[in-house]
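Following: one structure in structure tokens, then a few remarks.
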Amino acid sequence: YLISAAGFCLLLVFQITHYKQYPPNVSKIYSYFECRRKKGSQFSEVVFFGLQYLLKKYLTGPVITEEKIQEAKLFYQMHFKQAVFDEEGWRKVLEKHDGRLPIRIKAVPEGRIIPRGNVLFTVENTDPSFYWLTNYIETMLVQMWYPITVATISREFKKILAKHLKATSGSLEGLDLKLHDFGYRGVSSQESAALGGAAHLVNFCSTDTVAGLLMAQRYYGCPMAGFSIPAAEHSTIISWGRSKEKEAFERVLDQFSSGPVSVVSDSYDIFNACKHIWGDKLKERVMERSQDSCLVIRPDSGDPAETLIEILEECFGSSLNSVGYKVLPSYLRIIQGDGIDLHSVEEILEKLSDEGWSAENVFFGCGSALLQKLNRDTLSCAFKCSYVESNGKGMDVYKQPVTDPSKGSKKGRLSLRRNSDGFLETVERGAGKPEEDLLVTVFENGSLVKDYSLEEIRKNARLRDEEMNPTLHNHEPELLHNHIINGIH
Ligand SMILES: *[C@@H]1O[C@H](CO)[C@@H](O)[C@H](O)[C@H]1NC(C)=O
Ligand SMILES: *[C@@H]1O[C@H](CO)[C@@H](O)[C@H](O)[C@H]1NC(C)=O
């Protein structure tokens, strides 16, 4: 209900009583969003993603109507038990701007990788009468933390996978499919699934979170952003009864005789299933399959990838790839989808390569560590006012709490530029040159003025060479990205 009634929702969700609190004669409020830098965080840079969805879904077009104003008025009368809702202000939006928001949003292009501590987008009113709108929409805009954080974590997975795949196979073939999104059931809602699922698709093409595919289609112009394969689950195996696991497996092979298929094999005893069922009773059936219709065995408990691969090697053999690492026959792979996070992926891949195994042998599935075990503090996302105008004069403003200097905010009008050393930096106090500014106007007066395709976004988010190359990976991001310029006012 809230989601479909976009305009009403807009009236509801936000900072309802602030318009009464600003100083007199204010005509502009200018605010910005950043992922603040944080000492010791494992994330030094972020992937900007998701604003376009919010804008298209909630903010474009005539979002205010008289009916919604009346509804909201009633709602807030009940909520605050006093008349704090700015009925007149909203009616002016309706009358003067046909219900379209006189707001300008400038943002980093979606998919761009930005070191933490830099401006990601700015918001300001374009009509002096509506200075109160800027921070009215803060609540909605700060929810950007979620797609940004998922896209960022997903890309960190990609760095780890790329590094190991390159080192142990000599190429990056299949990288896009290495991390499968298993998170649909583990997120809080359909909208989270859609946003998180789409954010993962900025980096990978492998997902079961269908809501993310639909979002990529509807809001980012991508007909089909990700792929999946038929897969057994525990119910389809255990419904045969404990004594018939072999029959259950056989059934799956029969039903999906061509194309890859994944079979969960830990219902009772993964080691028995691999050694005696797959590796013996069904061995011929497995060997008949080709690379294109490979069997992907899924352990789903414990950490058996390393143990399992040895059992499978005993039964099916292995060969050496061009860089000297072992690979199982091409009709056989493993997908590890239990307990996967950035730490365990690295650990598993390291153990495998220590034992001489290539990363080619395994896929990973990740659920909650990808879509749910994160919050607004993961990347310290914040929205702050940095500039105001009143009585025709501009003033740079900021917060600088004595109790926590890391929560200080930026000053004045902001822009983002690449400096002469090639690093991105935020220029404060209106000192940036417009021609250098990497922030792009994406929304103005109720219209979306820039529409990114997922394809463009994926290009922007591609791994840089040094991120894929294990030997070049030990740079010190803290030193590289510590440039904030204080312009002269
Ligand atoms: C607000 O603007 C009015 C009209 O220009 C002016 O008379 C008044 O002094 C201003 N108030 C403040 C507090 O600046
Ligand atoms: C947006 O509206 C403001 C006034 O409300 C106007 O000055 C500005 O030119 C408009 N922008 C565009 C792109 O039409």
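The values are calculated or read from the model by the stated rules, or taken from the named source; none is laboratory data. Computed from a predicted model, the values in this text were never measured in an experiment. When we count neighbours, we look across all protein chains shown, and the Cβ atoms used for this are built from the backbone with ideal geometry, even at glycine. The accessibility values were calculated without ligands, DNA or RNA, using every heavy atom of the protein model including side chains. Shrake-Rupley method; radii C 1.70, N 1.55, O 1.52, S 1.80 Å.
Among the criteria (1) open to solvent by 20 Å² or more (accessible area, probe 1.4 Å); (2) aliphatic (A, V, I, L, M); (3) farther than 22 Å from Asp338 by Cβ, the one Leu177 does not fulfil is (3).
Residue by residue, here is whether (1) part of a loop (DSSP other than H, G, I, E, B); (2) farther than 27 Å from Thr60 by Cα; (3) assigned by TED's automatic domain parsing to the domain that holds Phe157 holds:
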residue	(1), (2), (3)
Asp176	no, yes, yes
Arg185	no, yes, yes
Leu195	no, no, yes
His200	no, no, yes
Phe204	yes, yes, yes
Gly212	no, no, yes
Met215	no, no, yes
Pro223	yes, no, yes
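Checked against (1) within 16 Å of ligand 2 (Cβ to nearest atom); (2) at pLDDT 95 or above; (3) open to solvent by 10 Å² or more (accessible area, probe 1.4 Å), Trp132 passes all but a single condition, namely (2). Can you find a residue that is closer than 17 Å to Tyr220 by Cβ, crowded, with 21+ Cβ neighbours inside 10 Å and within 16 Å of the chain's Cα centre (by Cα) anywhere in the stretch 156-169? Scanning the stretch 156-169, I find no residue that is closer than 17 Å to Tyr220 by Cβ, crowded, with 21+ Cβ neighbours inside 10 Å and within 16 Å of the chain's Cα centre (by Cα), so the answer is no. Which of the strands (runs of 3 or more DSSP E) found entirely inside the stretch 60-131 contain at least 3 residues meeting this: in contact (Cβ under 8 Å) with a residue 24 or more places away in the chain and within 16 Å of ligand 1 (Cβ to nearest atom)? Strands (runs of 3 or more DSSP E) meeting the threshold: none at all.
Give the residues of the stretch 279-334 that are open to solvent by 20 Å² or more (accessible area, probe 1.4 Å), under 21 Å from Gly170 (Cα atoms), outside any loop (DSSP other than H, G, I, E, B) and not charged (D, E, K, R), sorted by residue number. Within the stretch 279-334, Gln291, Ser319, Leu320 qualify.
May I ask you to say which residue of Ser390, Ser358, Ser415 is away from ligand 1 (no atom under 16 Å from the Cβ) and either out of contact with any helix residue (DSSP H, G or I) (no Cβ under 9 Å at 6 or more places or on another chain) or outside the structural domain of Tyr58 (by TED's automatic domain parsing) (or both)?
It is Ser358.
When Ser169, Ser129 are screened for being among the polar types (S, T, N, Q) and under 25 Å from Lys56 (Cα atoms), only Ser129 passes. In this structure, is Ile348 outside any strand (DSSP E or B), of a type in the set (A, V, I, L, M, F, W, C), away from ligand 2 (no atom under 16 Å from the Cβ) and open to solvent by 10 Å² or more (accessible area, probe 1.4 Å)? Against the criterion (outside any strand (DSSP E or B), of a type in the set (A, V, I, L, M, F, W, C), away from ligand 2 (no atom under 16 Å from the Cβ) and open to solvent by 10 Å² or more (accessible area, probe 1.4 Å)), Ile348 qualifies.
How many residues are in a loop (DSSP other than H, G, I, E, B) and either surrounded by 19 or more Cβ atoms within 10 Å (Cβ to Cβ) or among the aliphatic types (A, V, I, L, M) (or both) when one looks only at the stretch 412-428? Break it down stepwise before answering.
Taking the stretch 412-428 first, the residues in a loop (DSSP other than H, G, I, E, B) are 412-414, 419-423, 428.
In the following step, the residues that additionally are either surrounded by 19 or more Cβ atoms within 10 Å (Cβ to Cβ) or among the aliphatic types (A, V, I, L, M) (or both) were identified as 412-414, 428.
Total satisfying the criteria: 4.
In the stretch 429-442, the qualifying residues are those that are in contact with a Ser or Thr (Cβ under 8 Å, 6 or more places away or on another chain) and assigned to a helix (DSSP H, G or I), and the one that is nearest to Arg112 (Cα to Cα) is Glu436. So, Glu314, is that one out of contact with any Asp or Glu (no Cβ under 9 Å at 6 or more places or on another chain), without any contact (Cβ under 8 Å) to a residue 24 or more places away in the chain and not β-branched (Val, Ile, Thr) or not? So Glu314 fails the test. Residues that are charged (D, E, K, R) and open to solvent by 20 Å² or more (accessible area, probe 1.4 Å) within the stretch 138-155 comprise just one, Glu138.
In summary, Ile64 fulfils each of the numbered conditions (1) more than 21 Å from Lys410 (Cα to Cα); (2) more than 16 Å from ligand 2 (Cβ to nearest atom); (3) modelled with pLDDT under 95 with the single exception of condition (2).
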